[in-house]
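Heads up: the structure comes next, in structure tokens.
The values are calculated or read from the model by the stated rules, or taken from the named source; none is laboratory data. Given the structure is predicted, the values throughout are model-derived calculations rather than measurements. Every residue, glycine as well, gets a Cβ built from its backbone with ideal geometry; the counts of neighbours run over all protein chains shown. Surface accessibility is based on the protein's heavy atoms, side chains included, excluding ligands, DNA and RNA. Shrake-Rupley method; radii C 1.70, N 1.55, O 1.52, S 1.80 Å.
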Amino acid sequence: MDRSFPTRSPRGRSRTVSLIGTLTAVLIVAVVAMALAGRTPARSPIGDRTRRPARVDATLTASTSRSVGPASEGVLAAADVLATSTHLIVASAGDTGTGGYWLAASNGGIFAFGAPFEGSAGGLTLDKPVVGMTPTASDLGYWLVASDGGIFAFGDASFYGSMGGQHLNQPIVGMAATPDGGGYWLVASDGGIFAFGDATFHGSMGGQALNSPMVGMRAISGGYQLVAADGGLFSYGTPFAGAAVGLLQRRAVSIDSSGTGYRIVSADGSVYAFGGASYLGSVTVPPLVGEVVTIDPGHDGGNGSDPSFIDAPIDGGGFTESCDTAGTTTASGYTEHAFNFDVALRLAALLQAGGATVVLTRYTDTGVGPCVNVRAAIGNDDGSNAAISIHGDGGPVSGRGFAVDVPLPVVSSISDNLAIVAPSDQLGDDVRDQFLAVTGLGVSDYSGSDGIDPRDDLGGLNLSTVPKVLIECGNMKNPADAALMETPAWRQLAAQGLAQGITAFLVQREVP
């Protein structure tokens, strides 16, 4: 196998993204032409993938027109209408006949920009998400490929083979068709190439050390180009005209062309055009689409009525603690569990508005438990990108302010949180900064330092395998703090501060 290194773009530093005050930001918008008729796809012989396709999951939203630069320089121009997807954009393909292009979402939905709609896999039950697409030579059809290598064929696309059902060292991330449409290549995240039909192997990055994983490819006469998640480009037999390194808000997912030059597409639907390639529009994806957040409202409304359950000992990661407690109250009787649950629901609504998938450790305020070890397991099992436990403190009457508890390293027979200590520290800083800015409540004057309190005696943090923090939103025993925490308007501010902190943390980690 040819392992020679291709021409590639220089690497650049990632751009830090700040998302303060709002949970959505429109980067680039344009007039979108979307045909919403469906067509039944051809079926790969490996796996039953034939069901009635649904219309693309998208909405049209008006936006203010503004120009930010010429497309030929790899910077996008904006127009008056944008499409919004509730799924990450994962692939693109160019239509040489019209000069337009298609964008594909992870659910198989298709957005058409100046190109004919030939069908989609939106609405199908997929074994694995769609990750790539490529057009036929006639531009009257296209193929979609899933991460397991399964193929979906639309229009005049023919099936030449797939990797569906085969063992893969790394998942498939993209595909490209040969110029005559008689075959196609699949590319895996490690840069390995699989050739079908009349596709010829020209080289790969399989076995090479990559700064960033491969995410897509496009065919050219005599070769192909591979694009990495950070927007870097690997060219096999074609001139280099630019890369998107340093431009991306989210990872690159695809490269395509429909004439001169090429376009690099990002997961947030942004389209970067190089070398004279056309720019006809883009898709906006809310900033938290693809992110999973676990929210743990501390305690529960029925805990106090079942001491035998709540007082039962559990292993909190190298030490023994109670399953849970009933929590504290203000002097007027406002309970911590009610406060925690109210703020959690408000926070969930804000994060969902930003596109996140939200998991709660409890969905009512009338039950008992779950224990703190189970709460940690919920976030772990759902593969959360961030988790937060919401509490109100029962501190000294004279003490005021909030504190964010972050995990210290703990390794025991049932725990190992070493990998999440550093990202949890960052999550804690982001939550602290935004909670302080939005709520106006100062950091605790009796707990931790500068609003951060590192802990190794909390099972919920010790047992977590995902970035996690616990916040004491205020001191419920202090009259001034209690007055705020009993007020719905302030609880909404508390939720907003938490949402902005979590969003800032997640968006920074999305930048390639």
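Report D for segment 322-392 in µm² per second (integer): Stokes-Einstein, Kirkwood Rh on Cα pairs, 25 °C, 0.890 mPa s.
185
Grab the other residues whose beta carbon is less than 13 angstrom from that of Ala489, score K and R as +1, D and E as -1, and report the net.
0
Applying a 10 Å radius around every beta-carbon, put 390-400, 174-184 in order of their mean neighbour count, most first.
174-184, 390-400
Enter the Cα centre distance for the pair segment 451-506 and segment 312-344, rounded to the nearest angstrom.
That distance is 13 Å.
Considering segment 170-324, what Rg and Dmax in Å follow from its alpha-carbon atoms?
Spelled out, the Cα radius of gyration and Dmax of segment 170-324 are 23.9, 74 Å.
Amide H to amide H under 5 Å from Asp405: which residues, 5+ apart in sequence or cross-chain, H placed 1.01 Å off N in plane?
Residues meeting the criterion, in which the H sits 1.01 Å from N, are Asp453, Leu470, Ile471, Glu472.
What's the local net charge at Pro171, with K and R +1, D and E -1, over the other residues with C-beta under 13 Å away? Write out the running numbers ahead of the final one.
Working: positive: Lys128; negative: Asp127, Asp148, Asp190.
In short, -2.
Counting residues in segment 106-223 as N, plug N into 2.2 N^0.38 Å and put the Cα Rg over that result.
Working it through for segment 106-223, the quotient is 1.01.
From the gyration tensor of the Cα coordinates in segment 268-417, what semi-axes in whole Å does the equivalent ellipsoid have, largest first, with each one equal to sqrt(5λ)?
Value: 38, 20, 15 Å, ordered largest first.
Any idea what Rg and Dmax come out to for segment 354-462 if you just take the C-alpha atoms, in Å?
According to the Cα coordinates of segment 354-462, Rg and Dmax are 14.8, 42 Å.
Expressed as a whole percentage, what fraction of the accessible surface of segment 384-512 belongs to carbon and sulfur atoms when a 1.4 Å probe is rolled over the protein heavy atoms?
54
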